[in-house]
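Structure in structure tokens, see below.
The values are calculated or read from the model by the stated rules, or taken from the named source; none is laboratory data. Quick caveat, the model's predicted, so the values are computed rather than measured. Cβ atoms come from the backbone with ideal geometry, glycine included; neighbour counts cover every protein chain shown. What goes into the accessible areas is simple: the full protein's heavy atoms, side chains included, and nothing from ligands, DNA or RNA. Shrake-Rupley method; radii C 1.70, N 1.55, O 1.52, S 1.80 Å.
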Amino acid sequence: MALQHYTTPYLLFRFGSLAMECAQWEDAERALLNAVDLAPSFPAPYTGLGILYKEQGNFRSAEAWLKKGLALEESAPTYTALGVAQRRLGASSAAIQSFKRAIEIEPEYEEAYFNLGIMFPEERSAEAIASFSKALELDPAYQEAHRELGWALRRLARYDEAEWHLKRAVELDNSDGWAHTYLGNLQWARGETQSAERAFKSAVEVWPDDSMTHSHLAYFYECLDRNDEAKFFYENALQLDPDDIESHLRFGRLLAKLGEAARAKMHLERVLALEPENEEARAALTALG
């Protein structure tokens, strides 16, 4: 569809938004940039460009364009998108402030509460729980909020509540590998080994191309001394992601324990090639001699 048929800033913005929905990134970018050129005081194309770059993983450009949009018009969704970009850039304090500003503008915006909850580390689990709970108060079917609330509750050993939320997350979206993985970890912590194994296997089934699900199942088997199965799934994980540091480290340690020193050394050296400051890999290599 030729852009010349869309000569007003709003129609260019709408065309760009539709193109983004279809992952037609170049068309979307061109339309939104043209909209900015035609109407520099129209905030929507700036926000659209910020979201486009965020979806493409260009978080620095996303941050810049979203800030330009906010300079023209503040909104909760735009501050939330900005916070996500800042989080991905490692700017945690700025991200928290963006999510809090989104909540100030629109206290009923559940996305801001959810993303704020994501920011809190384990030692601030109570704040994470409060944020995820508020998101669920606003939207009881918010699948990701159930999942993350369940995990936060599990970290505090509030197992019954955690299990309810994680099972609800799986019910709402059975294709979410993280929900199955979290549930498996919870059931494992409760000593429900068979249930945990089913959950970890379900994670692999729904996300067969994600190294994370294979790696978690491998570690589960390793801890049960089911070493052949552990080796199989570590190898799967590393075929899917040759730069998976955690899988290299755990697999290297397992191989060292099993007396396969040469293979262990290869994986541990790979960890240090990817992350030279990794002291766990360095210590394991030293122990190999």
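Using only the C-alpha atoms of segment 94-163, find the volume of their convex hull and express it per residue in Å³.
So the per-residue hull volume is 68 Å³.
Continuing with the same structure: Add +1 for every Lys or Arg and -1 for every Asp or Glu among the other residues with Cβ under 9 Å from the Cβ of A218, and state the total.
Charge balance in the 9 Å sphere: -1.
Can you give the local net charge around E205? Use residues other than it whose beta-carbon is closer than 15 angstrom to its beta-carbon, Lys and Arg +1, Asp and Glu -1.
In short, -3.
Note down the net charge around P77, summing +1 for each Lys or Arg and -1 for each Asp or Glu among other residues with Cβ under 13 Å from its Cβ.
Computed value for this residue: -4.
Can you give the angle from 0 to 90° between the axis of helix 279-288 and the longest principal axis of the chain, with both taken from C-alpha atoms, to the nearest 10?
That works out to roughly 20 degrees.
Distance between Cα centroids, segment 128-202 to segment 218-289: provide it in whole Å.
Spelled out, the Cα-based centre of one part sits 28 Å from the other.
What is the dipole size for segment 229-289, taken about its Cα centre, with +1 at each Lys and Arg Cβ and -1 at each Asp and Glu Cβ, in debye to the nearest 20?
360 debye
Taking only protein heavy atoms into account and a 1.4 Å probe, give the accessible area per residue of the chain in Å².
Each residue of the chain exposes 50 Å² on average to a 1.4 Å probe.
Additional query: Of all the C-alpha pairs in the chain, what % are more than 26 Å from each other?
58 percent
Here's another thing I want to ask about it. Compute the long axis of helix 159-172 from its Cα atoms, compare it with the longest principal axis of the Cα atoms of the chain, and write down the angle in degrees, 0 to 90, nearest 10.
For helix 159-172, the angle is close to 60 degrees.
Quick one: helix 59-72 against the long Cα principal axis of the chain, what's the angle to the nearest 10°, folded into 0 to 90?
30 degrees
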